[in-house]
Structures are given as C-alpha cells and as structure tokens.
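The values are calculated or read from the model by the stated rules, or taken from the named source; none is laboratory data. Since the model is a prediction, treat every value here as computed from it, not as a measurement. Here the Cβ is made from the backbone with ideal geometry for all residues, glycine too, and neighbour counts use every protein chain on show. With ligands, DNA and RNA removed, areas are computed over all heavy atoms of the protein, side chains included. Shrake-Rupley method; radii C 1.70, N 1.55, O 1.52, S 1.80 Å.
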Amino acid sequence: MSEKDSPDKTAARPLPHVEDLYQSWFLEYASYVILDRAVPDIRDGLKPVQRRILHALWELDDGRLNKAANVIGHTMRYHPHGDMAIEAALVNIAQKEFLIDMQGNWGNIFTGDRAAAPRYIEARISGFAKEVVFNEEITTWQASYDGRNKEPQYLPVKFPLLLAHGVEGIAVGLATRILPHNFVEICDASIAYLKNKPYTLLPDFPTGGVGDFSQYKDGQRGGKIRIRARIEASDSKTLHIKDIPFGTTTTSVIESILAAHDKGKIKVKKVEDNTSQDVEILVKLPPGVSVEQTEEALYAFTDCEVSISTYACVIHQDKPWFCSVTDLLTYSTEQTRDILGQELRLHAHQLKTKIHKATLESLFIEHKIYRKLEGADSWIEALDRLAKAFKPLLKLVTDEVVEADYEALLEIRFKRLTKYDNETAEKALNELRGSLKEVEEKLSDLTKFTIKYFEALKKKYGSRFVRKTVISGFSEVRAREVVLANQKLYVNRESGFIGTSLKNDEFVAACSDLDEFLIVRKDSQIVLSKVSDKVFVGEGIEQLHILPSQANEVALHLLFQDDESGSVWAKRLKLTGMQRDKAYELIKGTGKVLYTKLVEADKPDWLELERLGASKSWLFNFQDLEWTTRAAKGQLLTVRDLKSFKGVEETVHFRTPLNLTLSADNKHITIGGKGKKLGAFAPSQLLIALTDDGFLKVFPASENQKLSSPLKELFPLAAQGVLTVVGRNKDVIFARRMKSEELAEGMELPLFEGRELTGELLLMQDAAPLLELSFLSKGQLVAPPEILPLADHVPTRSLTGAVSRINRPGMTAMKTWVSGE
C-alpha cells in the first residue's frame, strides 16, 4: 500500500455535540429504567430482578433449601446490578409468602426489622410457584446480559400474580403502585370473569387494618384509600393496637404517637411494643384521660390512619400502560386460559406420539414382523423389509409412519420382544387413549377447564390466605343512615372534642349524623370532620360551622387582619382537597381571624364595615372576590383599621347603582349632587380616582370624597389584572404598572414621587396597554405616530417600586391607542 493510500492515523474522529449526547443518554437511561428495572411486565407480573431470582431458584431446585447467599450469587449470572439489589428483591418476594419457602430470620414486616445476613438464611422455590409459574417447554428464552447464559423473557404464570403480590416502583418520569389483593378473592374474581358475572376486587394487606375503599377507583391513577389500625380498649387506661396500616411499621406508629404527645394533641403515659408474630402495641393513658377520646385522636394525629394513593402502571407491548385492577385481572385470567391451552395442546401432542409409538410396537411384535428381518444384509435392507411388511397394517395406524419410526422399531431389544405381553400393552394403550380423550375434552371447553383450575388452586392453597384487612362499611352505612333522625352536636372548646355524646358541654346546633363540620382554631388552622359520638379536632376552638351535605358547593369566607401591616384581607375558598380530621393553615403568615362563614357558593355574603375616622360605613360582598386557595394571601381589602363590622342581609338597595357627580372645582365627588355626571356604580364598588398632580386614591362608591387636586380620571377597580398610569413632561414619559389586587380601600399614593407633569395623564387597566405618540413635523414632512407597547418597556412593580422613564425626543402628545381607530 502506498503512503498516499494509507489512512491518516492523525485524523480525529468527529465528536457529537454534548447536548446530543445528554439527550440520547438520558432517553436511553429513562427507557432502560422503565422497561428493565422499576415497572413489572404484565405477562408475568414481575420486575426483571424478581424474574431472574425465581429462574435461579428453579435451576438450583433439588427439593432442599439453599443458602440465600448462594441464590444471590447464582442470580448474578443473569442480573448485572449487584448483590444488594438482588438481596433486597429476594427478601421482598419471600416475605409475601407466595413463591418462596424460607427458613431463618427473614425480617419482620410489622416491626421493619431487616433479614439476617444471606449466609444465615435459606430459601427454595415453593410448591405453589412450581405449579403456576414454571414450564420450560413453553417458555420464551433470551440471552443473558453477558451472552453466556439463557434466561426467560417472561415466565408462563398461570395466575394474576401481580394482583396478589402488589408492587411499587419509581422510574424516570413515572411511578407505579399496585396494592396487594387476597388470593382467594382473586380466584373468585377470575372465576366470575370467566362466567361473565360481576365481581369486586379490593386490596388486602399483610399488616391487616381497617380499610375505607370508597375512593379506590379500581386502582387507577387518582384513586386512594384510607387504612386505619385496629384499636381495642383493654381497660379504662389502656388501648391495644392489634393491626397497623399498610406501609407503616410498629416503630413508625409509635414515633408518630410520641410526636403527637409532644405537640399536645394527645396525652399518653407510656407506649409498649410487644410485637413478635402479631402486632401488639399497648398505649397506656394517664388518669383522667378518656379512652374513647384518645382513640379518635390517634386516628386524627398519628400513623394509626394513613392515606395511600394508587397508580397502576405495567409494561405492555414494550411500553408503559396505565390501567386498572380490572384490566390486570382480565389480562391475567385470559393469559392463564391461553397458557393452559398451550400446555394441554403440548400434552395432547405428547400423548399422540406415545400412542403412535405404542401402536407400531404392538403391531411389530404381535404380527411377528421382526422375523421378516432375518437374513437382511444391511440396515437399509432391513428398513425396506420393515416398510413392506407394514404396508397392509398402515390402516391400523392413525398417524403417518416415517423412517424414524421404523428405525425405532429396529432398535427394540430382544429381551423386550420375549417379555412382551399383549394384554398389558393393550391396557397401557387404552390408558393413553383415555388420557388423550380427556385432554381433548378439556380443550373443547377451555373456559370450563380454566374455571376448574382456579377452583382447584383455591381449594389447595386458599386456607393459607384468610383476608386480614377489614373492609370498612362507612360508605354503606352512609347510604343507610340518610333517613335517620337528627342529632344534637356539642363542643368542648378547651379540650378540643366535638360530638353528639358530649351532652354536658356547649350545644352547637341540631344536625344529622351525616353532616360534616368545619372548625376554626385560635392558631388560624381549620379542621374538617364528620359528626360522630366524639372526635378530637384540636384545642382552642374559635368558630364552628355545619356544612351542607355537599361540601363542594360551599364557600368559606374569611376576613383577617395581618399582624405586621395591620391591613385587612379577605379570602373566598372552596372546601376541596381536604382530608377529614387533618389541620390546614388558613392564613399565609401571621394574622388574626376576624370573621368566617360558610355559605352556598352562589349566595351573597355582605358585611357592613366601619373604619376608624370614617363618617359612613362601607358595604362589601364576598361574592365579588375571585376564588383562591388556602395557601394564597387573599385580597387586600383596606389598609385602615376597622372600628367594627357585621353581617347584613342583602336588600335591593345594595345593588342599586349610585349616581356620582363631580363639583365645579373638580375636587368633590358626591352621590346624587349637582355637577358633572361621572357614572353609576354599585355601592360596594371600589373606585380609583387619579388627580392632576399624579395622586391615586381608592375608595368605595358609597362614600363622598374630597380630593387634594382636580380629578383627572375615575375608574372602577378591577379585582385582578394590572393597572397602568402614565404621565408626560415634555418629551419624557413617566409610567408605573402595578397589580390591581395590591390596591385596597383607603389607599392614597403619589404615583410619580413629586415629578412635575406638563402634559397628558392617563390611566389604563388593559392587559397590554398601548400608547400613540405624536411628534413634531420636520419641514413639509409629517412625522408618523409611534405605537408604544408599554408592557415591553415598563415592568410590573410593587406599590413602592420605582417609576419608569421613557425618553422620546420631539414628542408633542400622547394618547391611549385602541386597535381599529
């Protein structure tokens, strides 16, 4: 090769851009985590590490127990992510007690204690797993990560294993949580599906507890359940916790009880943990503390009650699929029927092969065809003689006879020929034919056979899986209790308990036992709860409101005073997204609640406000406010101190417009007086007055006003949006943009900080205000006007923010520009 033809070894290979590398690497990583790590495959309900562990156990199985360390090491032939991940997954599978028999200390799901080191514990594949998970003859195989071994793509599971196990996984951009269900109920649901009958499938947790599944939503995204510990009173001073909610441990429950005690929400003397095989937590109470009240407080303020969200997601056809429990059961049940059909067809083929072989052997021996082979000089000649001898007998054979069949006959040993018994052979052949007929009958009605299969599983293993989680009857009781007689609600404001049984305490109101109530505490927190015998909602009850039956149609109106500024704020809230018996902050920051009221969302709620130094009261309607959230600050109402306020019933005069007029000197705004008409406004409407000297004043339409200088503009204040004020001094524009919600009654602001204004003064409340600027003409050339978008030049600032300055040399005038003029 010449020097010219040789490759340039110094030439650098072009490198991809770093952004392209990050993009491709992240997508590959995200895809890998979703498909091969965190989310189970719908076909067998297993994550890859779980599948590899079971495959390793299957390969190691000889009926005896294997050291867990040996299982982990064997699994590493298939799983590339190290022994720690395999160990955690192995313990997780074993603790579910479905697929693995275990010996030794495998940890405790109640206390959260870890399993012993892998060298001290042993495991083997369970009988249930052998029956429903494995069948090498119909398994699809693939190469392992290093190409040295073969592993199953998925296992031919003949049971909705994913619903029995449950699963949690966090991938890149998505997560999955499928709750465990009861084995017997899964079998019953599969049978009901195959019979086209309705069924209901609800979770069952190994930790027991009492579950409210009214919002389960079939396990789909957005569903949630509430799980409570099972608590009984051993005596007047002891509460016995016998079950704990799923996802908690005795340690976390005890810590939450002690934390609630430290915060003063409950009073306990001592907490003992005697848990071993069963949960046993004893809560000792001090003298004078009610057992019933403490039990309710435990549910309200500790991990004795938790809420669990559901979002079922599996890998289906190599991509994530968000589904429901019904979808999973349907798929798994139909797959079980298909796999059973594959196994039956395989068994039928094997039986036909045996029958064919036995029939040929019987004919070969009974008709002494082997004697015709005497004197054959070669293997080929023997095969020819055998084929010719069988020609008259082929009608007795159901399948085609091939050369391999003749070769098998030639390999029969002489000892078998001499000991052949026609009767025994015919009996064995009839048994094979009977088995084949039975298999074909099962195949003819595969659905019926699948139903019997699930019934057999239920009978064989069902006794081990008694339901542990009690299904709450709250939803059913709620429906039956609609027609019950009204109750009377009482409250003990100091102790923080409310209920129908507190007859010696303060009477609140007559109510139904279906009603809910909202309490406002002195610490500015609110708690939503349901009417019951006794419930603890927190000490320092300030106000209490009974809700109508449909809380989503109710508005909470709130008036409060900010501690720092002394200004008064108002909020209008919807009671959505609230959990019962949980405290929520009502005020952002620190403040004092002045007024709360629950009203129907479409009803007005008027307050008559009287401020210090004001000659006349002011009407305010909460219905004029925009909806806000609990975390939002709310609407600034007034910066002046309130002397008093009271709720008033709406009259026709509240909405009757008031005609405002301006005096001759342009400094007095009066109601119905003589002078220039300014317009008609509702009495509660806040108005913005802009004066010639650049002052802005906010006041209600129901009050007469005296201005410091002549009025330039008068506008109603919008509840939301941006207020823009611009003034001109020769060829300089001064401008300010501020949020309307920051303006409140009683405000008087110098907008331009004393700057002299010699030209126009404009006020606008448009989202994108535009100015039309005029300029001096040069000679005979007329300068075209400029359309100036103020939002691009003037930022929105707070009320104390700086004034923006825009220079336009040669400008002679400005005005508001409206499209189409």
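Observations on the structure shown:
- Principal-axis analysis of the Cα atoms of the chain puts helix 291-301 at an angle of about 90° to the longest axis.
- The residue list Y199, F246, M738 was ranked by how far each Cα lies along the charge dipole of the chain toward its positive end, using unit charges on Cβ atoms, and M738 comes out on top.
- Taking a quarter of the surface of the Cα convex hull of the stretch 75-201 gives a mean projected area of 10.7 nm².
- Greater than 25 Å apart at Cα, pairs in K217/K265; K67/K150; K265/K588; K354/K442; K419/K442; K503/K588: K217/K265; K419/K442; K503/K588
- Against the main long axis of the alpha-carbon atoms of the chain, helix 422-444 sits at an angle near 20°.
- What you get for the stretch 257-304, charging only the Cβ of Lys and Arg (+1) and of Asp and Glu (-1), is a dipole of about 340 debye around the Cα centre.
- Extension gain from S290 to S740, taking 0.36 nm per residue of separation minus the Cα-Cα distance: 156.8 nm
- Electrostatic dipole magnitude of the chain [Cβ: Lys, Arg +1; Asp, Glu -1; Cα centre; debye, to 20]: 540 debye
- Protection-proxy order for peptides 387-396, 217-226, 59-68, each taking the mean of Cβ atoms within 10 Å per residue, highest first: 217-226, 59-68, 387-396
- Using alpha-carbon coordinates, inclination of helix 48-60 to the longest axis of the chain, degrees: 20 degrees
- In the stretch 218-323, inverting the average of 1/r over every pair of distinct C-alpha atoms gives 15.2 Å as the Kirkwood radius.
- The apolar share of the surface of the stretch 693-821, taken as the fraction of accessible area on carbon and sulfur atoms (1.4 Å probe, ligands and nucleic acids excluded), comes to 52 percent.
- Solvent exposure of the chain as accessible area per residue, Å², 1.4 Å probe: 52 Å²
- Average projection area in nm² (convex hull over Cα atoms of the chain, one quarter of hull surface): 67.5 nm²
- Apportionment of accessible area to carbon and sulfur, the stretch 204-305, percent (1.4 Å): 43 percent
- Ellipticity at 222 nm from helices only: DSSP H runs of n ≥ 4 in the chain, each -39500 (n - 2.57), divided by the residue count, give -8000 deg cm²/dmol.
- Under the simplified labelling scheme, the K368-N807 pair shows an inter-label distance of 13.0 nm, with each label point 7 Å from Cα along Cα→Cβ.
- Assigned charges on the beta-carbon of Lys, Arg, Asp, Glu; the stretch 570-717 dipole about Cα centre (debye): 240 debye
- Once the Cα gyration tensor of the stretch 530-672 is diagonalised, semi-axes √(5λ) in Å: 34, 18, 13
- Solvent-accessible area assigned to carbon and sulfur over the stretch 490-569 amounts to 41 percent, based on a 1.4 Å probe.
- Length gained on full extension, K616 to N504: 35.9 nm, using 0.36 nm per residue less the C-alpha separation.
- Ordering of 237-247, 421-431 by packing [mean C-beta count within 10 Å, highest first]: 237-247, 421-431
- Values of log10 I(q)/I(0), in the order q = 0.21 Å⁻¹, for the stretch 171-258 under a Debye, Cα-only, solvent-free model: -1.10
- Protection proxy ranking, peptides 134-142, 698-706, average beta carbon neighbours within 10 Å, highest first: 698-706, 134-142
- For the stretch 103-143, the list of trypsin sites (Lys or Arg not before Pro) that fall in a loop by DSSP and count at most 14 other C-beta atoms within 10 angstrom reads R114.
- Cα-based shape type of the stretch 737-804, given that a ≥ b ≥ c are square roots of the gyration tensor eigenvalues and the cut on a/c is 1.5: prolate
- Rotationally averaged projected area of the stretch 610-667 (alpha carbon convex hull; nm²): 6.4 nm²
- Fraction of antiparallel bridges per DSSP, the chain only, in percent to nearest 5: 95 percent
- For the stretch 605-744, the C-alpha radius of gyration sits at 1.13 times the compact-globule guess of 2.2 N^0.38 Å, with N the residue count.
- Each eigenvalue of the Cα gyration tensor of the stretch 260-310, multiplied by 5 and square-rooted, gives one semi-axis; in descending order these are 20, 17, 9 Å.
- Accessible area (Å², 1.4 Å probe, nearest 10) - C187: 0 Å²
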